[in-house]
Structure formats: C-alpha cells, structure tokens
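Input: a single structure, listed below in structure tokens.
The values are calculated or read from the model by the stated rules, or taken from the named source; none is laboratory data. Because the structure is predicted, anything quoted here is derived from the model rather than measured. Heads up, the Cβs are rebuilt from the backbone with ideal geometry, glycines too, and the neighbour counts pull from every protein chain shown.
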Amino acid sequence: MNSVPSKIALNFRGIEIFWRIADAFQSGGRPDEELWERLFKTPGYAALTRSEFAPQNLRKAISIALDPKRAYEARSSADTRLGAFVEHFREAADRRLEIEAVVDELKNRSLRLGDTILNLVEEYLPPEIPREDIEVALVFFELDARGYEWIVVDGLLAAEMGELLHLLIAHEYHHRCRDAVLCYDKKKVDEQDTDIMWVLNQIHAEGIADHIDKPRWFYGENPVQAYSNLVEQYRTEVKEAGETLALIDEVIETGCLAGEEHDEMGKSIREILPLGGHPIGYFMSNIISKANLSVEMIESVGNPFEFIRLYNKASALQGTTALSDSTMDLLSALEKRYC
Ligand SMILES: [Zn+2]
C-alpha cells in the first residue's frame, strides 16, 4: 500500500473564464482579446487544443452561442458539426446557475473525492505500481471526457453525472496509472503495426477500466439522458462480443494464411471493432474474472498480451471460444518485438 497519499486537484479556470466571456457578450459588447487568450491557456482548453480541437473553431462556436446578436447564425448552424458545439455552449450558458452550484459543491468535496477515487481504483491496480498525482480540468467542449496529461471533463457532463462523477474520473485515473507501466512504448510501434497494437491496447485498457464505472453507470442508473443510446449499444455489443471476437480472430487467421500485411489486417480489425474496444474488453475481462484469474489480470495490468493469454486460458475453463493459434502467434511476435 502507498504510504504517501496521492492527490487529485480539480481546476475550474476554464469554466470561470467562459462565464466572463458570456458576461461580456450579454452586456452587448465583445470579450477582450486577452480574455480569449486566457481561456485557451487554461489547462483544460490547452490540453484539448494541443491534441484534437482547433482553438479558432471552439472560439467561433462559443461566440455564436453566447452572442445574442448572432442568434440567427446559431439557428442556421444547427445540424452541422459546428452547430453541435454551438448548441452545447448555449446549453451550458442556459444552465449556468445549476452548473455553478455543481462547481461549488465539487470545490467543497474535492479532498474527499480524491480518497473516493483512490479507493475505487485500488481493486484494479497492483499494489506496487505508483499512484500518480492527477489534475482534472473542467471546461465546456462536448458531452465527454478525455485523459491527456490532464484529465479533461466537460462541465455539462459533470453536472449531469452528479453523484457518479467520481466514477468517470476514476476510470481516466486508472488509464493514467496503467499507462505508466505499459510494457511497450507506443511511440516506437512501427506504422504497419499501429492499428493492431491500438486495438490490443484499447481492448485491454478499457476492458479493465470499464469495471470501475460501467457496472454502476451503464448497468445501473444512467443519469446522462444523451447517453441512452450509447448505453443500449454498449450492452448489446457486450452480449455479442463473443461473436465479434470470433470475427476478428477469423480476419487474423485468414489474413495470416493469405500472407496479408499487418496494416491491412489492422485496418480490417479496426473497422469491425465496436465502440473503441470497450465492450469486447469488458466481455473478456469478465470471462477472466469468472475463471478466478482476476489476480493474474491485475498483476499484469501493464501487459495487454498477457491479458489475451489469460482470456484464452479462462475461455477454456468457461467453455467460450478461444482465439486461434494464428492470432496467438501473431501476438507473440508483436510482444517479442515491442515489449
Ligand atoms: Zn477509458
């Protein structure tokens, strides 16, 4: 057990500056250039714009959403990608009082939140691996969360999650600690193996982390209305995961026989893989748990290849279909190359 407790810090700067931008538009003016700069320098927006989102697009959507003079543009942008962001920022502004109350409440319980999160991940991490300090930035972007160097959680999603928010953060926190002991360096994977390795990593990482949040969220009471379809889809995919896995196995088996390149196989597998690998991973980790191999699974939390071997061992015990020798040979070769 760790003697020094790790800490979790919540950061609300992005939301605070967002309200100041909203105030500037509401009073009939425009926000100062400096305010925009400060917005995109907050840790949450800085992380988002470094990786996936262009600051000028976010700025445009925020402006259209918050400027009363641009209400027409807001209406006419509906059903476009930009429009989805506009709608999200408008909703955030409309629900400001509710979100401010959530932020106050989170500030009050942020110390206890850290303990709750550490307790939640405890079962899914071996005792010897370090618990990293984490910083969580709350900002508005879309109804989602990301785990970069900072964990970024959308402010509206946080408000909707309510009492379940710690589950979402704990899931991302698990990724952070697990990635720190991953047996290979993602940056050193050759281009032709990128897809296969991505799929493998997703199935493993999400398959374990989903145990932290999904039982109480996707299989419990889902408070996020907009996720209803996703929850349904996830559950269906978990039920069908055995067949999907067999299909993936077949792609590899026939691919190996035909002497296909790894990138071709990887591309086909990525196309089959539903929901970023979450449901298949969750299915596999459940089979492993049912076969009483959880301890081994957690001990090897940094090794996705071992996860697949444990699944095959477990499926023999559980009577589910194991992966073929071709797939296992391919994985062995990749493990030798990268681990
Ligand atoms: Zn995840």
(Q) Pairs needed: first member in segment 267-279, closer than 16 Å to Lys239 by Cα and in the same structural domain as Trp217 (by TED's automatic domain parsing); second member anywhere, of a type in the set (Gly, Ala, Ser) and within 12 Å of the ligand (Cβ to nearest atom); C-beta distance under 8 Å; at least 6 residues apart or different chains. (A) Gly277/Gly207; His278/Gly207
Q: Could you pull out every one of the helices (runs of 4 or more DSSP H) wholly within segment 223-339 that has 2 or more residues that are within 30 Å of Glu122 (Cα to Cα)?
A: 228-239, 241-257, 278-290, 294-299, 304-318, 325-338
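From the set of residues in segment 199-222 that are more than 13 Å from the ligand (Cβ to nearest atom) and surrounded by 15 or more Cβ atoms within 10 Å (Cβ to Cβ), which is nearest to His166 (Cα to Cα)?
Checking each candidate, the answer is Asn222.
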Q.
Gly242 - would you say it is in contact (Cβ under 8 Å) with a residue 24 or more places away in the chain and over 19 Å from the mean Cα position of the chain (by Cα)?
A. yes
Q. Hey, any hits in segment 288-303 for a residue that's farther than 30 Å from Glu128 by Cα, buried (at least 18 other Cβ atoms within 10 Å of the Cβ) and in contact with a helix residue (DSSP H, G or I) (Cβ under 8 Å, 6 or more places away or on another chain)?
A. no
Q: State yes or no: is Glu296 farther than 25 Å from Thr236 by Cα, among the charged types (D, E, K, R), at pLDDT 95 or above and away from the ligand (no atom under 16 Å from the Cβ)?
A: yes
Q | Single condition Tyr227 does not satisfy, out of (1) of a type in the set (Phe, Trp, Tyr); (2) within 15 Å of the ligand (Cβ to nearest atom); (3) over 30 Å from Glu98 (Cα atoms) | A | (3)
**Q.** Matching residues in segment 162-184 - criterion: being touching a helix residue (DSSP H, G or I) at 6+ places or on another chain (Cβ under 9 Å), within 11 Å of the ligand (Cβ to nearest atom) and not hydrophobic (A, V, I, L, M, F, W, C)
**A.** His171, Glu172, Tyr173, His174, His175, Arg178, Asp179
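So that you can scan it fast, the table gives a plain yes or no per residue for (1) in the same structural domain as Asp154 (by TED's automatic domain parsing); (2) within 22 Å of Asp154 (Cα to Cα); (3) among the acidic types (Asp, Glu):
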position: Ala46; (1), (2), (3): yes, yes, no
position: Glu52; (1), (2), (3): yes, yes, yes
position: Pro55; (1), (2), (3): yes, yes, no
position: Ala61; (1), (2), (3): yes, yes, no
position: Pro68; (1), (2), (3): yes, no, no
Q: Take the residues in segment 25-62 that are among the hydroxyl-bearing types (Ser, Thr, Tyr) and over 17 Å from Ile15 (Cα atoms), then tell me which one is modelled with the lowest pLDDT.
A: Ser51
Q) Which members of segment 305-317 meet the condition of being farther than 13 Å from Leu245 by Cβ, out of contact with any Ser or Thr (no Cβ under 7 Å at 6 or more places or on another chain) and without any contact (Cβ under 8 Å) to a residue 40 or more places away in the chain? A) Arg309, Leu310, Lys313, Ala316, Leu317
Q: May I ask you to verify whether Ala78 is assigned by TED's automatic domain parsing to the domain that holds Thr116, without any contact (Cβ under 8 Å) to a residue 60 or more places away in the chain, surrounded by fewer than 19 Cβ atoms within 10 Å (Cβ to Cβ) and within 23 Å of Gln225 (Cβ to Cβ)?
A: yes
Q: Select, from Leu167, Leu143, the only residue that is touching a residue at least 40 places away in the same chain (Cβ under 8 Å), surrounded by fewer than 22 Cβ atoms within 10 Å (Cβ to Cβ), over 23 Å from Arg13 (Cβ atoms) and among the hydrophobic types (A, V, I, L, M, F, W, C).
A: Leu167
Q.
Quick test for you: out of Thr236, Thr254, Thr244, pick the one residue that is surrounded by 15 or more Cβ atoms within 10 Å (Cβ to Cβ) and polar (S, T, N, Q).
A. Thr244
**Q.** segment 234-266, subset within 16 Å of the ligand (Cβ to nearest atom) and not β-branched (Val, Ile, Thr), residue farthest from Phe305 (Cα to Cα)
**A.** Tyr234
Q | Odd one out for Lys187 among (1) surrounded by fewer than 20 Cβ atoms within 10 Å (Cβ to Cβ); (2) touching a residue at least 12 places away in the same chain (Cβ under 8 Å); (3) more than 15 Å from the ligand (Cβ to nearest atom) | A | (2)
Q: Restrict the check to segment 130-152 and report whether at least one residue is away from the ligand (no atom under 16 Å from the Cβ), at pLDDT below 95 and touching a strand residue (DSSP E or B) at 6+ places or on another chain (Cβ under 7 Å).
A: yes
